[in-house]
1. Would you point out which residue out of SER36, SER44 is loosely packed, with under 11 Cβ neighbours inside 10 Å and of a type in the set (S, T, N, Q)?
2. Just need a number here: residues in segment 90-123 that are touching a Cys at 6+ places or on another chain (Cβ under 7 Å) and either in a loop (DSSP other than H, G, I, E, B) or not aliphatic (A, V, I, L, M) (or both).
3. Has segment 115-127 got any residue that is on the phi > 0 side of the Ramachandran plot and either at pLDDT 95 or above or of a type in the set (Ser, Thr, Tyr) (or both)?
4. Is there a residue in segment 221-229 that is assigned to a loop (DSSP other than H, G, I, E, B), over 25 Å from LEU137 (Cβ atoms), assigned by TED's automatic domain parsing to the domain that holds PRO113 and within 29 Å of the chain's Cα centre (by Cα)?
5. Being small (Gly, Ala, Ser) and over 24 Å from the mean Cα position of the chain (by Cα) is the filter; apply it to segment 141-165 and report the residue that is nearest to TYR186 (Cα to Cα).
6. For segment 170-194, how many residues meet the condition of being surrounded by fewer than 18 Cβ atoms within 10 Å (Cβ to Cβ) and either touching a Leu at 6+ places or on another chain (Cβ under 6 Å) or of a type in the set (Val, Ile, Thr) (or both)?
7. Could you give every pair whose Cβ atoms fall below 9 Å, whose first residue belongs to segment 229-249 and is closer than 21 Å to GLY105 by Cα, and whose second residue is of a type in the set (Ser, Thr, Tyr) and surrounded by fewer than 13 Cβ atoms within 10 Å (Cβ to Cβ), counting only separations of at least 6 or pairs across chains?
8. Given the structure, is GLU71 in a helix (DSSP H, G or I), under 19 Å from the mean Cα position of the chain (by Cα) and surrounded by fewer than 19 Cβ atoms within 10 Å (Cβ to Cβ)?
Amino acid sequence: MSSASSVNKGDGKEAALFEEQLRKIGAVRVALGQLSGKKALYCSDASIARYLIARNWDVKKATKMLKKTLEWRSECKPDEIRWDEIADEAATGKIYRTDYFDKSGRSILVMRPACQNTKKAKGQVRYLVYCVENAILNLPHGQDQMVWLIDFAGFSLSNISIKVTKWTADVLQGHYPERLGVAILYNAPKIFESFWKMARTALEEKTFNKVKFVYPDRPDTNKIMEDLFNMEELECAFGGKNQATFNINEYAAKMREDDSKMPLFWSPDNSLLASEPYVMNKDMPQEGSSSLKTEETAYEKREETESESENREEAESESEREETDAVSGKREENQSESEKRKEAETSPKAVESTSLPGEGITPAEKSGSSLSDP
């Protein structure tokens, strides 16, 4: 076979694959039904494709996942969070978006667990959602992912919690699929290992594979940084040459400016958002392939667990009802026997005989048994 025909055959397969992916995107759109407003803006082809990719191109599961996100966005309104609402969370610079991008043009969020300054999980997750929405707002055209740079300087286990970590994983994996490009855990200390063993159970396998541990004293991991970032722009805390430090006043001004852009981004007039095209994913698994098996998120697993729990409670309730009915039957039977004894005691023959204290009382009446209680 000539090289030209091989190329043509490859192009044919690629075209067929692309058509299949577009068909699945269309199938999800049909399943969603008529959408309007922000929901319609959110469900661009590229956005639907991210949910399909997250669910290995299973239309039914991707649709279910996307519907949950639309419900969540309607309820929580993440695009309407504004700087002044979460400024207290941001004061120490525990999470912020950098002014530079990685070599692929992805937005970068720096996270510093040691700078944790609040206790309420809801506030912490809300601030993270604000940061993610802001990072998406600032993505250059043609890019849809971000990078997390997590600095462990000064870290202690008191800085983080399993509850917040699981909640964060649920929100990010359930409502921002395929938005994370890579997460760099920079110079994580030994004490972090025990927490990581617990935290990783909340991560899907594909999310887990995006996590990279980098240590400044290991050249092999430092290469990860050199491959991803322009070292002149990268902050010195991560081995770069940028001496800039976080300034809350400057950052607040930048965020307020972005806040003014957010309503325009979600305006019905933003045709770019609504028509965000899907760029073919060449790694799409084939129909019937074992790789189509979905990696369920912790959110879905919990949902199934709750469903199982409800079924269990239902079964237990049914069992309790049967036991109650059986007990009621015994009560009625006992009451019937007790009534017969009382009739016998009040009969002329019984009245003629004298009784000592305690005599003529049934064992149940003597002990105060609850069997005859209503």
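1. None of the others qualify; the one that does is SER36.
2. 4
3. There is no residue in segment 115-127 that is on the phi > 0 side of the Ramachandran plot and either at pLDDT 95 or above or of a type in the set (Ser, Thr, Tyr) (or both).
4. No; the residues of segment 221-229 include none that is assigned to a loop (DSSP other than H, G, I, E, B), over 25 Å from LEU137 (Cβ atoms), assigned by TED's automatic domain parsing to the domain that holds PRO113 and within 29 Å of the chain's Cα centre (by Cα).
5. Per the criteria, the residue is ALA153.
6. Adding up the residues that qualify gives 1.
7. If the second residue must be of a type in the set (Ser, Thr, Tyr) and surrounded by fewer than 13 Cβ atoms within 10 Å (Cβ to Cβ), the pairs left are GLU235/THR245; ALA237/THR245.
8. In short, yes.
The values are calculated or read from the model by the stated rules, or taken from the named source; none is laboratory data. Nothing here was measured: the structure is a model prediction, and the numbers come from that model. Counting neighbours? That spans all protein chains shown, and the Cβs are built from the backbone with ideal geometry, glycine included.
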